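Data block below; observations after.
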Amino acid sequence: MDRTTGIFVDGMGAAAATSGILNQLQGRIFALLYLQPGPLSLDEIATELEQSKSNISVNIRGLVDWHLVRRSRVGGSRRDQYEAAADFWRVMQEIMERRFRWNVRQVLATIDETERAVEEERGRRDWVQFVTTRVAGLRAFFAAMDAGFGAFAHGKPLDPAALKHPLLAAVPRPRPRG
């Protein structure tokens, strides 16, 4: 591997290792493929990264799942070939939608359930007020995050007002009884 590719591969591997999405080897595989003009086989990737073919195979599946790498066929060869996604904006939109936005929505669903449960509390007025205020602040933050991820994932601009005064959204909403 040439020096320039090596720098890129090692740097992307280090970044991936702290991403919470990819491991270091997946970052290195993506980086190697990203700087290639054409697809590479598992054997070629393994040779370049000095890894076993089985280790590359296991790790490349995760990259395919994230749509960072795609499998392709090269005429005259029965081997799978792999190439990196070139439209990184689209890839990041998908990652935001599939990974981060899902987590944010889990928090929002938990907040909804907590608000329903706290409405049933009796005789603990101070505690109910404390929980209501805390959960409302959390809702404001995660609702703003959800709006931001949603806008990014759909290629739309985010309304800065959604982030400018997030505590205004923290006022508890009245819930219909019934």
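The values are calculated or read from the model by the stated rules, or taken from the named source; none is laboratory data. These numbers were taken from a predicted model, which means no experiment stands behind them. So basically every Cβ, Gly included, is an ideal-geometry build from the backbone, and we count neighbours across all protein chains shown.
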* Only residues that are surrounded by 15 or more Cβ atoms within 10 Å (Cβ to Cβ), over 30 Å from LEU68 (Cα atoms) and of a type in the set (Asp, Glu): list them for region 99-151, please. => GLU115
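Those residues that are of a type in the set (Lys, Arg), over 17 Å from ILE45 (Cβ atoms) and assigned to a loop (DSSP other than H, G, I, E, B), I need them from region 79-100; list them, please.
Step one: of region 79-100, the residues of a type in the set (Lys, Arg) are 79, 90, 98-99.
Pick out the ones that are also over 17 Å from ILE45 (Cβ atoms) and you get 90, 98-99.
Listed by number, the list is empty, since nothing qualifies.
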* **Residues (closer than 16 Å to ILE95 by Cβ, without any contact (Cβ under 8 Å) to a residue 60 or more places away in the chain and surrounded by fewer than 16 Cβ atoms within 10 Å (Cβ to Cβ)) located in region 18-36** => THR18, SER19, GLY20, ASN23
* **Residue that is farthest from ILE21 (Cα to Cα), among those in region 101-130 that are assigned to a helix (DSSP H, G or I) and of a type in the set (Lys, Arg)** => ARG125
* Structure fact -> When region 58-68 is checked residue by residue, the ones that are touching a helix residue (DSSP H, G or I) at 6+ places or on another chain (Cβ under 6 Å) and either at pLDDT below 95 or over 15 Å from LEU32 (Cβ atoms) (or both) are GLY62, LEU63, HIS67, LEU68
